[in-house]
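The values are calculated or read from the model by the stated rules, or taken from the named source; none is laboratory data. What you are looking at is a predicted structure, and each value in this text was computed from that prediction instead of being measured. Every residue, glycine among them, receives a Cβ derived from its backbone with ideal geometry; neighbour counts consider all protein chains shown.
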Amino acid sequence: MEIKINQVQLALYSPGVDLSDKLTLTGNIRKDSGSIFSGEPLILPVPDNVPNEIPRIILSNKEGKINLHISVNKIDLYIRNPILAGNVPGVYSKLDNNLIEVYKSVLNALFSATSLTVNRVGFVVAGEAEVKDTSTYIANKYLTKDIKMPGWLDVNVNLLKRKMVDKKESNVWLRLSPGRK
């Protein structure tokens with residue numbers, strides 16, 4: 001079964017990103033990251049009472065494949081349709097060198113442009129695989145014999161594993177749900 005990776009997301013959680021001078025921060029990140037964020041930057045006029053998770057700054061490349069969302073307590077880097085060396089089982093160890101270089105450039109730019117403190121990191125890979133009768137496929141593959149029944153219309157499976165990543169205990173989620181056409 002071929003799995004297509006639609007998006008890779010790197011989430012950096014922070015106790016607080018200094019957004020007091022959004023224009024300077026935006027310019028510094030764009031300058032320090034080279035030509036990655038070549039699209040028009042968006043500095044959103046968000047009132048102070050809006051939840052901290054709402055992005056205040058959005059940077060992207062011209063093609064819209066790479067996006068950086070900066071909010072008060074979280075920074076998300078999205079890369080759509082990344083080129084990966086390998087497939088999902090090896091995605092954590094076989095990221096394409098170009099993708100790793102994008103991560104390095106963006107992280108270096110963030111750390112040089114602001115006094116960023118990161119207390120948690122998330123890494124999300126979103127992909128899809130086309131199989132015939134997806135609900136039945138998921139049920140047969142992941143449910144026990146006791147609850148298997150033919151004709152499932154919708155089956156969602158969430159698997160959670162705790163794993164040490166860089167000496168920190170981390171959640172590794174696998175979420176499966178059937179796509180409908």
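Restricting attention to segment 118-131, which residues are at pLDDT below 75 and either outside any strand (DSSP E or B) or under 30 Å from ILE70 (Cα atoms) (or both)?
Keep residues of segment 118-131 that are at pLDDT below 75, which gives 129-131.
Result: GLU130, VAL131.
Looking only at segment 12-29, how many residues end up being in contact (Cβ under 8 Å) with a residue 60 or more places away in the chain and either buried (at least 16 other Cβ atoms within 10 Å of the Cβ) or among the hydroxyl-bearing types (Ser, Thr, Tyr) (or both)?
Result for segment 12-29: 7.
Given the options TYR78, TYR92, name the one that is at pLDDT 75 or above, assigned by TED's automatic domain parsing to the domain that holds VAL17 and among the aromatic types (Phe, Trp, Tyr).
Numbers: TYR92 fails: at pLDDT 75 or above.
Of the residues listed, the single one that is at pLDDT 75 or above, assigned by TED's automatic domain parsing to the domain that holds VAL17 and among the aromatic types (Phe, Trp, Tyr) is TYR78.
This table checks each residue for (1) farther than 30 Å from ASP21 by Cβ; (2) surrounded by 14 or more Cβ atoms within 10 Å (Cβ to Cβ); (3) touching a strand residue (DSSP E or B) at 6+ places or on another chain (Cβ under 7 Å).
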{"position": "TYR103", "(1), (2), (3)": "no, yes, yes"}
{"position": "LEU107", "(1), (2), (3)": "no, yes, no"}
{"position": "LEU110", "(1), (2), (3)": "no, yes, yes"}
{"position": "THR117", "(1), (2), (3)": "no, no, no"}
{"position": "VAL125", "(1), (2), (3)": "yes, yes, yes"}
{"position": "TYR137", "(1), (2), (3)": "yes, yes, no"}
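So, in segment 44-64, of the ones that are over 21 Å from VAL102 (Cα atoms) and not hydrophobic (A, V, I, L, M, F, W, C), which residue ends up surrounded by the most Cβ atoms within 10 Å (Cβ to Cβ)? Give the steps one after another, and end with the answer.
At the first step, the residues of segment 44-64 found to be over 21 Å from VAL102 (Cα atoms) are 44-54, 56.
Checking which are not hydrophobic (A, V, I, L, M, F, W, C) leaves us with 45, 47-49, 51-53, 56.
On the way: PRO45: 6, PRO47: 6, ASP48: 5, ASN49: 5, PRO51: 9, ASN52: 12, GLU53: 11, ARG56: 20.
Among residues in segment 44-64 that are over 21 Å from VAL102 (Cα atoms) and not hydrophobic (A, V, I, L, M, F, W, C), the one surrounded by the most Cβ atoms within 10 Å (Cβ to Cβ) is ARG56.
Which of the residues belonging to segment 158-178 are over 19 Å from GLU130 (Cα atoms) and either under 16 Å from the mean Cα position of the chain (by Cα) or acidic (Asp, Glu) (or both)?
Residues satisfying the conditions are ASP166, GLU169, SER170, ASN171, VAL172, TRP173.
Taking segment 36-58 as the region of interest, how many residues are hydrophobic (A, V, I, L, M, F, W, C) and in a loop (DSSP other than H, G, I, E, B)? Please lay out each step first, then the result.
Taking segment 36-58 first, the residues hydrophobic (A, V, I, L, M, F, W, C) are 36-37, 42-44, 46, 50, 54, 57-58.
Within this subset, residues satisfying the condition of being in a loop (DSSP other than H, G, I, E, B) are 36-37, 44, 46, 50, 54.
Residues meeting the conditions: 6.
What's the total number of residues in segment 20-35 that are in a loop (DSSP other than H, G, I, E, B) and over 22 Å from the mean Cα position of the chain (by Cα)? I'd like the intermediate steps shown before the answer.
Step one: filter segment 20-35 for residues in a loop (DSSP other than H, G, I, E, B), giving 20-21, 33-35.
Those still in the list that are over 22 Å from the mean Cα position of the chain (by Cα) too: 20-21.
The number of residues fulfilling the criteria is 2.
Residues ASN73, ASN67: which one is surrounded by 19 or more Cβ atoms within 10 Å (Cβ to Cβ), under 19 Å from the mean Cα position of the chain (by Cα), in the same structural domain as ARG120 (by TED's automatic domain parsing) and modelled with pLDDT of 90 or more? Steps first, answer last, please.
Numbers: ASN73 fails: surrounded by 19 or more Cβ atoms within 10 Å (Cβ to Cβ).
The match here is ASN67.
Scanning for something surrounded by 13 or more Cβ atoms within 10 Å (Cβ to Cβ) and modelled with pLDDT of 75 or more, does segment 154-161 turn up at least one residue? Walk me through it before giving the result.
Taking segment 154-161 first, the residues surrounded by 13 or more Cβ atoms within 10 Å (Cβ to Cβ) are 155, 157.
Restricting the remaining residues to those that are modelled with pLDDT of 75 or more gives 157.
Looking for residues that are surrounded by 13 or more Cβ atoms within 10 Å (Cβ to Cβ) and modelled with pLDDT of 75 or more, one finds at least one in segment 154-161, hence yes.
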